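Asker: The structure that follows is given in the form of structure tokens.
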Amino acid sequence: MNILNRSLVRLPITILQSWTSRCTYVTNITDVPNFDMENPFEKERKQCILCKHNIIPDYKNVKLLSQFQSPYTGRIYGRHITGLCEHKQTEVETEIVKAQSAGLMATYMKEPVFIKSPKLFDVENPLRPHRF
Amino acid sequence: MITYELMVLLRIMPKSELVSTLKRTAETLFDKGGIIRKLENLGTRDMPYKTSVHGMVYNRASYFLFEFNAPPLAIRDLLDEYGRDIDIIRRRIYKKIVPEHQECTLHEELQPAPYRKNVQELVEQARKLDKPKFNYNTGLDYYPFQK
Ligand SMILES: [Zn+2]
């Protein structure tokens, strides 16, 4: 190859071709990558926060349910904000309605005792933009 | 057999009256052919919203939870009976939650739209509304003659 390094030496194309073909022919079979392995770039399976900790929402557990409620309007946050799976979101919604009906939970606001409870999700960064 | 949960909000009253009210609630349950599994006191606190019943406005209540079994037909009578009791501010009967394991589907839901199953179903539904296309039956994927 040092012939190539010496600049301005032009080799006929046939010689170059013979070099490359010889190189590919010599390639060892054992060097061929194994394509039967499972996808190494497969992403980890995501789980919502309630499924991860195996929590079943209950209408008596007002402290948990109020975390899914807006402190300004008392409305329930949507799935694109809470990051729950379809099943858990419907469960949370029904339990909140039950709790509000039973007089355990506020309807038009979050109760002041729960205002400082830790945030489970970021309201300002929803998965997809808000409707409003 | 369905296990129900009865949530009653009682007005603030001295202990002796409270006991008699709770006994009365339990008695009505027994009369309708029910059995009590559990009775829980959830404490006395300010209600999240005021309630006006029986000609009075209440802001505070004592919360009690009954867990019971009763024939489903008796539930309506029970609610009616408790609604006429002047010591009870609010009453609700719910079925007890039976925990069942459900696999989390969040991973599938976060896929791009064409990979989601419900979107695929919608697309399939929309395809059904397409206008029928004339089939030439030539066995070719193009029209062999000049149009
Ligand atoms: Zn989940």
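Asker: Between residue A:70 and residue B:97, what is the label-point separation in nm under the 7 Å Cα-to-beta-carbon projection?
Answerer: Spacing of the two 7 Å Cα→Cβ label points: 2.4 nm.
Asker: Can you give me the C-alpha center-to-center distance between the range B:75-103 and the range B:17-53, rounded to a whole angstrom?
Answerer: 11
Asker: Counting each DSSP H run of 4 or more residues in chain B as -39500 (n - 2.57), what helix-only mean residue ellipticity at 222 nm follows after dividing by all residues, to the nearest 500 deg cm²/dmol? Before the final figure, lay out the partial values.
Answerer: On the way: 4 runs with 44 residues, N = 147.
Calculated mean residue ellipticity at 222 nm is -9000 deg cm²/dmol.
Asker: So, one more: Ranking B:20, B:52 by Cβ neighbours within 10 Å, fewest first, what do you get?
Answerer: Values: B:20 12, B:52 9.
Arranged by neighbour count, lowest to highest, B:20, B:52 become B:52, B:20.
Asker: Over 25 Å between C-alpha atoms is what I'm after, so list which of A:46/A:119; A:119/B:95; A:52/A:119; A:63/A:88; A:98/B:117; A:63/B:95 land there.
Answerer: Working: A:46/A:119 19 Å; A:119/B:95 30 Å; A:52/A:119 16 Å; A:63/A:88 17 Å; A:98/B:117 31 Å; A:63/B:95 21 Å.
In this structure, A:119/B:95; A:98/B:117 exceed 25 Å between Cα atoms.
Asker: Taking neighbour counts of Cβ atoms within 10 Å as a proxy for exposure, in what order, fewest first, do B:95, A:43 appear?
Answerer: Values: B:95 11, A:43 8.
Going from sparsest to densest Cβ surroundings: A:43, B:95.
Asker: Continuing with this model, one more query. Considering every residue in A:100-110, what mean count of other chain Cβ atoms within 10 Å of its Cβ is obtained? Spell out each step's value before the answer.
Answerer: Numbers: counts 2, 4, 11, 14, 9, 2, 3, 2, 2, 2, 1.
Shielding by partners across A:100-110 averages 5.
Asker: Less than 15 Å Cβ to Cβ from residue B:67, Lys/Arg counted +1 and Asp/Glu -1: what total charge do the surrounding residues give?
Answerer: Working: positive: A:60, B:37, B:38, B:91, B:92, B:95, B:96; negative: A:58, B:5, B:40.
In short, +4.
Asker: Taking H placed 1.01 Å from N in the peptide plane, check which residues at least 5 places from residue A:46 or on another chain put their amide H under 5 Å from its amide H.
Answerer: Excluding prolines and chain starts, which carry no amide H, the hits are B:107.
Asker: Return B:7, B:56, B:1, B:13 ranked ascending by Cβ neighbour count within 10 Å, so the fewest neighbours appear first. Walk me through the numbers on the way to the answer.
Answerer: Working: B:7 23, B:56 10, B:1 7, B:13 13.
Least crowded to most crowded, the residues run B:1, B:56, B:13, B:7.
Asker: Rounded to the nearest 0.05, what FRET efficiency do residue A:46 and residue B:52 have when you use their Cβ-Cβ distance and R0 = 35 Å? Could you put the intermediate results ahead of the total?
Answerer: Numbers: r = 47 Å, r/R0 = 1.35.
Calculated transfer efficiency: 0.15.
Asker: When you look at the Cβ of every residue in A:50-63, what mean number of other chain Cβ atoms sits within 10 Å?
Answerer: On the way: counts 2, 6, 2, 0, 2, 0, 6, 1, 4, 5, 8, 0, 1, 0.
The shielding value for this peptide is 3.
Since every read-out is calculated from the coordinates, none of them should be taken as a lab result. Remember, it's a predicted structure, so these values are computed and weren't measured experimentally. Neighbour counts are summed over all protein chains in view; Cβ atoms, including those assigned to glycine, are modelled from backbone coordinates with ideal geometry.
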